[in-house]
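The next block holds one structure in the form of structure tokens; read it before the comments.
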Amino acid sequence: MKNTSFMIFFSLLFISIKIYSFERYELKCPESLIMKSRVVMMNQVGTLEKTNRNDGTAIKQYLESVGLSEGYPYCAAGQYFSFLKATELLGMDKKLIPIKRTGLALEIFHHSKKFGVRTVWHPKIDDLIVWRKANSGFGHIERIISVMPKGWVRTVAFNTSIIIGNKKIEGVFVKKRNLYHRLYGMTIRGLTGFKTYN
């Protein structure tokens with residue numbers, strides 16, 4: 001009994017420390033912009049690359065939105081594009097886009113850390129999850145569309161893949177992720193969330 005209690009205590013302590021060490025920052029954003037950007041993003045789901053080389057008409061548009069040419073990774077560019085297109089549809093100034101215009105996932109997180117407000121670690125719909133590759137300035141980013149128990153979330157991911165039959169297809173897809181698990185060797189850097197206003 002003592003051993004069981006001991007193990008439970010340290011398991012809970014480990015989880016508490018782990019959760020506490022995660023970072024989440026909120027940036028201010030008009031509520032209508034968040035909602036419209038989500039619609040734009042969802043409309044991209046199912047977009048496929050032309051030759052599985054970060055190419056194709058839509059991928060080119062994502063990359064051009066952050067000043068990059070076809071062929072570059074576009075996970076962050078796709079997220080920015082969703083906000084940019086939303087401002088155009090709403091007739092808003094693109095200066096209202098809360099995230100940094102960049103093709104680098106980690107830069108989006110660093111921007112939110114610098115200009116946002118730190119909050120408790122509580123993942124929400126529309127949060128951007130940022131992963132980091134060990135010892136590098138590179139990573140990956142996805143946007144949460146639903147939150148489930150035990151750290152599970154569903155996301156929209158640009159520049160990712162699915163397997164159909166024996167074929168790997170690259171593009172934009174809905175994914176199921178766990179915030180406490182590694183993603184292809186990458187670890188969570190943090191969350192960028194949004195404080196909405198009218």
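A short reminder: the numbers here are calculations on the coordinates, not readings from a lab. Predicted, not measured: the structure shown is a model, and the values here were computed from it. In this analysis, Cβ positions are derived from the backbone assuming ideal geometry, glycine residues included, and neighbour counts consider all displayed protein chains.
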Which order do the peptides 64-73, 103-112 come out in when sorted by mean C-beta neighbours inside 10 angstrom, highest first?
103-112, 64-73
Global geometry of region 68-112, whether rounded, prolate or oblate, following the gyration tensor of its Cα atoms and the 1.5 cut on a/c
oblate
Picking from Phe138, Leu183, Met35, whose Cα lies most toward the positive end of the charge dipole for region 22-197 (charges on Cβ: Lys, Arg +1; Asp, Glu -1)?
Leu183
With θ taken as phi - 60° and the coefficients 6.51, -1.76 and 1.60, list the Karplus ³J(HN,Hα) couplings across region 143-154 in order, rounded to whole Hz; mark glycine and proline as x.
10, 6, 10, 7, 10, 10, x, 6, x, 7, 9, 10
At a Förster distance of 35 Å, what's the computed FRET efficiency of Asn166 paired with Asp93, Cβ-Cβ distance as r, to 0.05?
0.15
Given a cut-off of 27 Å, name the pairs among Lys94/Lys176; Lys94/Lys133; Lys100/Lys175; Lys50/Lys150; Lys60/Lys113; Lys50/Lys95 whose C-alpha atoms lie farther apart than that in the structure shown.
Lys94/Lys176; Lys94/Lys133; Lys50/Lys150; Lys60/Lys113; Lys50/Lys95
Hz values of 3J(HN,Hα) by residue in region 175-181 - Karplus curve (6.51, -1.76, 1.60), Gly and Pro given as x:
10, 10, 10, 10, 5, 9, 10
Can you check how the C-alpha radius of gyration of the chain compares to 2.2 N^0.38 Å, as a plain ratio?
1.08
Alpha carbon convex hull of region 30-86, projected area averaged over orientations, nm²
3.6 nm²
What distance in nm lies between label points placed 7 Å from Cα along the C-beta direction at Arg118 and Phe22?
1.6 nm
Along region 35-52, what does the Karplus equation 6.51 cos²θ - 1.76 cosθ + 1.60 (θ = phi - 60°) give for ³J(HN,Hα), rounded to whole Hz, x for Gly and Pro?
5, 5, 5, 5, 4, 4, 4, 4, 5, 8, 4, x, 5, 10, 6, 5, 10, 6
Under 1.5 on a/c is rounded, so check that first for region 96-198, then, if it is not, pick prolate when a/b is larger than b/c and oblate when it is not; a ≥ b ≥ c are the square roots of the alpha carbon gyration tensor eigenvalues.
prolate
When ranked by the protection proxy of mean other Cβ atoms within 10 Å per residue, highest first, what sequence do the peptides 183-193, 140-150 form?
183-193, 140-150
